[in-house]
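The values are calculated or read from the model by the stated rules, or taken from the named source; none is laboratory data. Owing to the predicted nature of the structure, the values given are computational and were not obtained by experimental measurement. We place every Cβ from the backbone using ideal geometry, glycine too, and count neighbours over all the protein chains shown. These area figures cover heavy atoms from the full protein model, side chains too; ligands, DNA and RNA do not enter into them. Shrake-Rupley method; radii C 1.70, N 1.55, O 1.52, S 1.80 Å.
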Amino acid sequence: MPVLRGPLSRLQVSLPTQVTDLYHLAYVSDVMLETSDQEPAQAHLDGQLREILDAAKRNNRETDVTGALLFSGSHFAQVLEGSESAINDRFRAISQDTRHHNVTPLLYGPTGERQFKGWSMALCMPEDLESLPALVRSKPSPGSVEASDLGKGLIASLAAAIGRRANSRV
């Protein structure tokens, strides 16, 4: 079993029989975005979200990370895919970002294929999903079966939303 350090050290990772260099991570966090007295709340929020997405896309392209971010207004839920070291580096940075609070990893480990190929960072809103994973009602313990199930549900929901978006463009 691999030894994890830092914020992912509490998660149990089981390796499949075939070793892979591709890892995925799903997490949820509380949103801590700044408010502004100078501009309307929605415009300020949109600007901050755009900054987050632009930075994520730039950083992820440089490290061959793909993924999707769900923004509910009060929570972020995100899936990242890439090399183990790239995922660990991105998650370390996210965990230290003041715009996130109560960052809770749900699922982390090797995966066979990318679900978000071609998306350095896709943005989804709750209305993009057919059903919203029950991520925000309670924070499961990292490494628990409940957390793993929520992580798998998040990946499936975001991948389906991105798939519908791609099909609608054709």
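As a fraction of the 1.4 Å probe accessible area of segment 61-110, surface on carbon and sulfur atoms comes out at 42 percent. Less than 5 angstrom separates the built amide H of Gly109 from those of His24, all sequence-distant by 5 or more or on a different chain. For the pair Gln96 and Lys57, a Förster radius of 22 Å applied to the C-beta separation gives a FRET efficiency near 0.70, rounded to the nearest 0.05.
For segment 73-83, putting each phi into the Karplus relation 6.51 cos²θ - 1.76 cosθ + 1.60 with θ = phi - 60° gives couplings of x, 10, 9, 10, 9, 9, 10, 10, 9, x, 5 Hz, in residue order, rounded to whole numbers and with x for Gly and Pro. The label point for Glu130 and the one for Asp89, both projected 7 Å from the Cα toward the Cβ, are 3.7 nm apart. At a probe radius of 1.4 angstrom, the accessible area of segment 51-170 per residue rounds to 49 square angstrom.
A simple packing score, the average count of other Cβ atoms within 10 Å per residue, orders the peptides 67-79, 119-131 as 67-79, 119-131, with the highest score first.
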